[in-house]
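The values are calculated or read from the model by the stated rules, or taken from the named source; none is laboratory data. Note that the structure is predicted; figures quoted are calculated from it, not measured. So basically every Cβ, Gly included, is an ideal-geometry build from the backbone, and we count neighbours across all protein chains shown. The area values use the complete protein model at the heavy-atom level, side chains included, leaving out ligands, DNA and RNA. Shrake-Rupley method; radii C 1.70, N 1.55, O 1.52, S 1.80 Å.
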Amino acid sequence: MAENRLLIVNTEGNSVELRAASSLKQLAHLPIRAMPHEVAVHSERQLGYVCISYEDGFYKHYQKASRFLEVISVDDLRHLHSIDLAPHWGPHGIALSPDRGTALITCESNGGELIALDLDGQQVVGSVPVGAPGPHWMAMTPDGSKVFTANKEEPFVTVVDPSSMTVTGRIDTPYGTEGIATTPDGSRAFVASQRSPHLYVIDAVEARVEATLDLAEASGAVTVTPDGSRVLFTSFNFDYWTDAPSLRQGFFQTLDTATLRLGPRIPVGRFPLNVASSADSATAYVSNYKDNSVSVIDLREMVVTTTESVGAGPHGLVYLDASPA
């Protein structure tokens, strides 16, 4: 029987690895170009597209930015080739269009922009400035009609029409934003505030803030379970806009999308930089960047069931469902 797997991108370990989703046993390991960040997977072709943001360092603390996207075979974890995005650079957030023909990627180039990459021709076919120097994570509605970019340094989320590659609006948020995710029905987006203890609920149809939820501390990474019932998010638990933050234990938390009721805060590792959900919405996975580990959380019992060491600086996470489509 095919096994569900977890694809992990290790930023400081300069590698990608496959782990068994249930036990986190390592199945394969692939060295890759330095400083990989996020990854998107084309499930039908079993191809992974890995953003290489910098050649060294991290956001605003690097000597040279990167302009590459690495293409890997997810089936057997092989490096296939590199895509040079020049003159665009600093790729970070990535999502594939519903037809899997285009990758939408946030970049730090051109003062902060969103680019469209044709995956068959492997050419950049469009770009648009988002009005912010630090577009970070991004999310697309399931029908592909809107892209939302979270902007680390500006008090708004940018709304882009990917069909025309034009900015269609800005959604005011008091501080810069981090993680962002849309619901499976495309009705809402949930956005993490970078510098304040809030999570924004966005009406994705009207492109406006519907509610601002008070949290114990600033939120970080965000995703929504495939069944749409819960938002999964992390708290970095440090003043990460400073140059030398004090790295403390991070937390994981859930939000009921129907009632907007918060679940309990679950301690995880330091700097929980990303979060993913299993296909059945029963399990969460958190990459603890500064502890070089991944935690598995049972969403029914709301407990950490295991934490395993992985490569250095785990960042991007993708759950690979083995069940037939």
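Assorted remarks:
- Using θ = phi - 60° in the Karplus curve 6.51 cos²θ - 1.76 cosθ + 1.60, the 3J(HN,Hα) couplings for region 99-116 round to 8, 6, x, 9, 9, 9, 9, 7, 9, 7, 5, 6, x, x, 8, 10, 10, 10 Hz; x is entered for Gly and Pro.
- The H on the amide N of residue 306, modeled in the peptide plane, is under 5 Å from the matching H of 296, each at least 5 residues off or on a different chain.
- Remark: region 178-228 carries a charge dipole of roughly 140 debye about the Cα centre, counting +1 on each Lys and Arg Cβ and -1 on each Asp and Glu Cβ.
- Carbon/sulfur fraction of accessible area - region 140-189, other protein chains in place, 1.4 Å, %: 46 percent
- Potential lengthening of the chain between residue 20 and residue 44 amounts to 6.7 nm, from the contour at 0.36 nm per residue minus the alpha-carbon distance.
- Considering all different alpha carbon pairs of region 1-127, the Kirkwood hydrodynamic radius works out to 14.9 Å.
- The dipole here belongs to the chain: it is taken about the Cα centre, uses +1 on the Cβ of Lys and Arg and -1 on the Cβ of Asp and Glu, and is about 480 debye.
- For region 139-181, the relative contact order comes to 38 percent (Cα pairs under 8 Å, sequence separation of at least 6).
- Here is the size of the chain from its Cα atoms: Rg then Dmax, 17.8, 49 Å.
- Taking the Cα atoms of region 41-106, the ratio Rg/Rh between the radius of gyration and the Kirkwood radius comes to 1.00.
- For region 285-303 versus region 96-152, the gap between their alpha-carbon centres in whole angstrom: 28 Å
- This model, with +1 at the C-beta of Lys and Arg and -1 at the C-beta of Asp and Glu, gives region 243-312 a dipole about its Cα centre of some 220 debye.
- Each principal axis of region 61-209 carries a Cα extent, and these read 41, 38, 30 Å when sorted largest first.
- With coordinates expressed along the principal axes, the C-alpha atoms belonging to region 275-325 extend over 33, 25, 13 Å, beginning with the largest.
- Rounded to whole numbers, the Karplus 3J(HN,Hα) couplings from phi for region 75-88 are 3, 10, 6, 10, 7, 9, 6, 10, 10, 8, 8, 3, x, 7 Hz, using 6.51 cos²θ - 1.76 cosθ + 1.60 with θ = phi - 60°, and x at Gly and Pro.
- Scaled radius of gyration (Cα, divided by 2.2 N^0.38 Å) that region 203-325 gives: 1.08
- Its relative contact order, with pairs defined as Cα atoms under 8 Å and 6+ residues apart, puts the chain at 12 percent.
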